[in-house]
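One structure below.
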Amino acid sequence: MSHDPRIVIALGGNALGDTPEEQQRKIEAACPSLIDLIAQGNEILVCHGNGPQVGMIQQAFDTASAVNDKVAPMALPECTAMSQGYIGYHLQKGIKRELRLKGMPWHVATVVTQVVVDRNDSAFRHPTKPIGAFYTKEKAEALKQADPSLTFMEDAGRGYRRVVASPKPVSIAEAASIRNLLDNEYIVIACGGGGVPVYANEEGDYVGVPAVIDKDFAAAKLAETMDAEYLFILTAVDHVAINFGKPDQKELSAMTAAEAEEYIAQGQFAPGSMLPKVQAAVRFVRSGENRKAVIASLEKAPLAIRGESGTMITR
């Protein structure tokens, strides 16, 4: 069955703001760019980050439970599910409003998504993914003393943050539901925050694990699973650059997967910033024929699909 070109769009959690009000405003500002992609004859799925939001939710429960025994501490998988719900709610409202303004008949739905990971992924032995608030060194040490299972790392000179494991996505538990919605003219919001990481136990039931899947890798897995033609990773810059921040900085309009891997080997991209975006893009374009990834700014997404902005990564 032929379909309109399918695009998975990965939105950064940091791009969504720090408060619910700011998030709703930023989403409403972003929606015209997203809906323009549909107006150009594409199907879209939206995947979003949740780095600040999931930490904020967990911190709220931790703080409340410390002073009120009627409030239970909340585990990370449940916090991820909550962040999927409220970010999805804001995206649904913003997208639906833009569809109404443009007179377009599409529906919007958020799927609380479980993403299957390998229990033996080496990431569980080396937590690297920063989540939540920034702390002083003293505060981080005090928190670790209170709960030795926690790990903290200094993050880009901004303070100390909790770090958790970041396993790679293996498969998407709700893939059939997502596909069904796409086939019925739904814009689907899925794999929010990288999805809730789960593994299948001996009985075949899913069990949540306290980890955060990188949302760019989850978006690449979603794009691969849904046979998408494009993976759009939307960020704060218009292009991927090499020699970033140096006098000979060069913005790239296109690169092959092999060129991207060469730049990765040279250490051109910052870990925790551009590196996972480029790695996810390479993973997607290598996953099948005629697959393209675009790293671009949110505002210029409709230009990027025409090759007028952004960095296009091809096989």
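The values are calculated or read from the model by the stated rules, or taken from the named source; none is laboratory data. Every value quoted in this text rests on a predicted model; they were computed, and no experiment measured them. Using ideal geometry, Cβ is built from the backbone for each residue, glycine included, and neighbour counts are taken over all protein chains shown.
Which residues, taken from segment 9-55, are under 29 Å from THR128 (Cα atoms), without any contact (Cβ under 8 Å) to a residue 24 or more places away in the chain and out of contact with any Lys or Arg (no Cβ under 9 Å at 6 or more places or on another chain)?
THR19, GLU22, LYS26
Just to be sure before I move on: is ILE27 within 21 Å of ALA293 (Cβ to Cβ) and either surrounded by 19 or more Cβ atoms within 10 Å (Cβ to Cβ) or touching a Cys at 6+ places or on another chain (Cβ under 9 Å) (or both) in the structure I sent?
Working: within 21 Å of ALA293 (Cβ to Cβ): no; either surrounded by 19 or more Cβ atoms within 10 Å (Cβ to Cβ) or touching a Cys at 6+ places or on another chain (Cβ under 9 Å) (or both): yes.
The answer is no for ILE27.
If I ask for residues that are of a type in the set (Asp, Glu) and in contact with a helix residue (DSSP H, G or I) (Cβ under 7 Å, 6 or more places away or on another chain), which ones from segment 185-214 would you list?
Residue satisfying the conditions is ASP214 alone.
Please work out if LEU143 is modelled with pLDDT under 95, over 30 Å from ALA39 (Cα atoms) and not assigned by TED's automatic domain parsing to the domain that holds ASN201.
Details: modelled with pLDDT under 95: yes; over 30 Å from ALA39 (Cα atoms): yes; not assigned by TED's automatic domain parsing to the domain that holds ASN201: yes.
So LEU143 passes the test.
I'm trying to understand the selection: among the residues of segment 169-190, which are part of a strand (DSSP E or B) and either hydrophobic (A, V, I, L, M, F, W, C) or more than 13 Å from VAL46 (Cα to Cα) (or both)?
Here is the first cut: in segment 169-190, the ones part of a strand (DSSP E or B) are 169-172, 186-189.
Answer for segment 169-190, where residues must be part of a strand (DSSP E or B) and either hydrophobic (A, V, I, L, M, F, W, C) or more than 13 Å from VAL46 (Cα to Cα) (or both): PRO169, VAL170, SER171, ILE172, ILE187, VAL188, ILE189.
Need the failing condition index for ALA72 against (1) at pLDDT below 95; (2) touching a strand residue (DSSP E or B) at 6+ places or on another chain (Cβ under 9 Å); (3) in a loop (DSSP other than H, G, I, E, B), just the number.
Going through (1) at pLDDT below 95; (2) touching a strand residue (DSSP E or B) at 6+ places or on another chain (Cβ under 9 Å); (3) in a loop (DSSP other than H, G, I, E, B) one by one, ALA72 breaks only (2).
Anything in segment 119-160 that is assigned to a loop (DSSP other than H, G, I, E, B) and either of a type in the set (Phe, Trp, Tyr) or touching a Pro at 6+ places or on another chain (Cβ under 6 Å) (or both)? List them, or say none. Reasoning before the result, please.
We begin by selecting, within segment 119-160, every residue assigned to a loop (DSSP other than H, G, I, E, B); these are 119-121, 126-128, 136, 147-151, 155-159.
Selection gives ASP121, THR151, ASP155.
Select, from ARG100, ARG119, the only residue that is within 30 Å of ASP36 (Cβ to Cβ) and charged (D, E, K, R). Lay out the reasoning, then the answer.
Working: ARG119 fails: within 30 Å of ASP36 (Cβ to Cβ).
Answer to the selection: ARG100.
Given the options VAL112, VAL116, name the one that is outside any loop (DSSP other than H, G, I, E, B), at pLDDT 95 or above and within 24 Å of ALA218 (Cβ to Cβ). Steps first, answer last, please.
Values: VAL112 fails: outside any loop (DSSP other than H, G, I, E, B).
From the options VAL112, VAL116, the qualifying one is VAL116.
Residue check, PRO210 against (1) surrounded by fewer than 24 Cβ atoms within 10 Å (Cβ to Cβ); (2) under 18 Å from PRO271 (Cβ atoms), all met but one. Which one?
With respect to (1) surrounded by fewer than 24 Cβ atoms within 10 Å (Cβ to Cβ); (2) under 18 Å from PRO271 (Cβ atoms), PRO210 is out only on (2).
Restricting attention to segment 111-159, which residues are of a type in the set (Gly, Ala, Ser), farther than 26 Å from ASN201 by Cβ and either surrounded by 15 or more Cβ atoms within 10 Å (Cβ to Cβ) or in contact (Cβ under 8 Å) with a residue 60 or more places away in the chain (or both)? Talk me through it step by step, then tell me what you get.
Applying the first criterion (of a type in the set (Gly, Ala, Ser)) to segment 111-159 yields 122-123, 132-133, 140, 142, 146, 149, 156-157, 159.
Adding the requirement that they be farther than 26 Å from ASN201 by Cβ leaves 132-133, 140, 142, 146, 156-157, 159.
Those that are of a type in the set (Gly, Ala, Ser), farther than 26 Å from ASN201 by Cβ and either surrounded by 15 or more Cβ atoms within 10 Å (Cβ to Cβ) or in contact (Cβ under 8 Å) with a residue 60 or more places away in the chain (or both): GLY132, ALA133, ALA140, ALA156, GLY159.
Would it be correct to say that VAL112 is over 23 Å from ILE57 (Cα atoms) and in contact with a helix residue (DSSP H, G or I) (Cβ under 9 Å, 6 or more places away or on another chain)?
Values: over 23 Å from ILE57 (Cα atoms): no; in contact with a helix residue (DSSP H, G or I) (Cβ under 9 Å, 6 or more places away or on another chain): yes.
Considered against the rule, which asks whether it is over 23 Å from ILE57 (Cα atoms) and in contact with a helix residue (DSSP H, G or I) (Cβ under 9 Å, 6 or more places away or on another chain), VAL112 comes out as no.
Run down ILE172, ILE178 and say which single residue is in contact (Cβ under 8 Å) with a residue 60 or more places away in the chain and crowded, with 21+ Cβ neighbours inside 10 Å. Write out each step before concluding.
Numbers: ILE172 fails: in contact (Cβ under 8 Å) with a residue 60 or more places away in the chain.
None of the other options fit; the residue is ILE178.
Does SER65 meet the test of being among the polar types (S, T, N, Q) and in the same structural domain as ALA39 (by TED's automatic domain parsing)? Quick ask: steps written out before the conclusion?
On the way: among the polar types (S, T, N, Q): yes; in the same structural domain as ALA39 (by TED's automatic domain parsing): yes.
So SER65 fits the description; yes.
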